[in-house]
1. Using each residue's phi in the stretch 238-245, evaluate 6.51 cos²θ - 1.76 cosθ + 1.60 at θ = phi - 60° and report the 3J(HN,Hα) Karplus result to the nearest Hz, with x for Gly and Pro.
2. Could you sort Cys31, Cys42 by their accessible area in this structure, using a 1.4 Å probe and putting the largest first?
3. Non-local amide H neighbours of Asp209 (under 5 Å, H modeled in plane, Pro and chain starts lacking H): which ones?
4. Using the Kirkwood radius built from alpha carbon pairs, what does the Stokes-Einstein equation give as D for the stretch 45-126 at 4 °C and 1.567 mPa s, in µm² per second?
5. With every protein chain in place, what's the accessible area of Val128 (1.4 Å probe, Å², nearest 10)?
6. PRE reach from Ala121 (point 7 Å along Cα→Cβ): which of the stretch 148-164 fall under 12 Å by backbone N?
Amino acid sequence: MPRTVPARSPGAARALAEGLALVLPADCAGCGAWDAAVCPACRGLVSLTPVRSDGDAPMLGLPGDAGPVLPVWSLADYAGPVRGLVVAWKRTGRADMARVLLDRAARGAEVWAHDPELALAGSGDVLVVPAPSGLRRRLRGALVAADLADAVAAGIAASGALEPGRAVRSTDLLRRSGGRRHQSGLGVRARARNRGGGVRVLAAPGPDDVVVLVDDVLTTGSTLAACTRALVTSGTRVAGALVVAATPPPGRTPARTCR
């Protein structure tokens with residue numbers, strides 16, 4: 001059955017991380033500042049106003065490559081201090097840092113829900129669906145995209161942007177069915193081959209529901225394209241996607257100051 005999450009209790013790894021945080025001082029994972037999970041300067045690099053980033057993702061076409069690009073928004077550039085924050089969030093399970101990033105995501109989603117380019121209008125529910133995690137992450141309980149979906153759902157629900165009576169739910173609908181190799185370090189073509197059509201839908205949403213996708217990082221867009229392809233094939237409308245950070249295009253200096 002698909003996972004629908006109002007709230008999730010922390011696992012053993014998360015509980016251990018929280019316990020250690022009480023007795024061990026932390027350095028900012030972005031810049032190394034002393035005794036701060038995320039220092040104010042690095043926190044400010046994760047914007048509360050999402051910006052369109054799909055133009056820099058070459059593999060982000062819809063099924064058949066003839067339709068429009070899936071609209072994707074990001075909160076930050078995946079470079080410099082932000083890259084350090086995201087990598088640490090994914091790999092260390094630091095609860096103090098996760099709280100900061102998920103709070104920024106929820107507040108950003110509250111703004112995002114009002115973006116006129118995000119087509120949330122309709123009569124059904126809004127389903128916030130995380131990009132599927134690999135088996136190893138599921139076994140470790142390190143489901144950062146699922147935590148992100150919970151935060152984004154909370155932000156959209158708090159936005160007041162939806163018609164009365166419509167619900168917002170974080171729902172884990174997708175699983176990988178191929179592309180077992182990790183995407184990190186692969187080029188554009190290799191990413192496309194690795195993901196291909198390798199995403200399946202556990203249970204199709206209702207006919208009037210609309211999906212928004214979330215993921216931690218947008219690089220080429222191959223993962224979000226595969227997710228969209230699977231959902232559209234099942235008859236589901238996908239309004240757009242929100243990521244924490246997007247890789248900036250070559251030649252552009254990433255933002256390093258607060259936005």
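The values are calculated or read from the model by the stated rules, or taken from the named source; none is laboratory data. It should be emphasised that the depicted structure is a prediction, and the values quoted were computed from it without experimental measurement. Please note: Cβ atoms are built from the backbone with ideal geometry, for glycine as well, and neighbour counts cover all protein chains shown. For accessibility, only protein heavy atoms count, side chains too; no ligands or nucleic acids. Shrake-Rupley method; radii C 1.70, N 1.55, O 1.52, S 1.80 Å.
1. Per-residue couplings from phi come out as 10, 7, x, 9, 10, 10, 5, 9 Hz.
2. Per-residue accessible area, sorted high to low, gives Cys31, Cys42.
3. Asp125
4. Values: Rh = 14.7 Å.
D, rounded to a whole number, is 88 µm²/s.
5. Near enough 0 Å² of accessible area.
6. Residues 163 qualify, since their backbone N sits under 12 Å from the label point.
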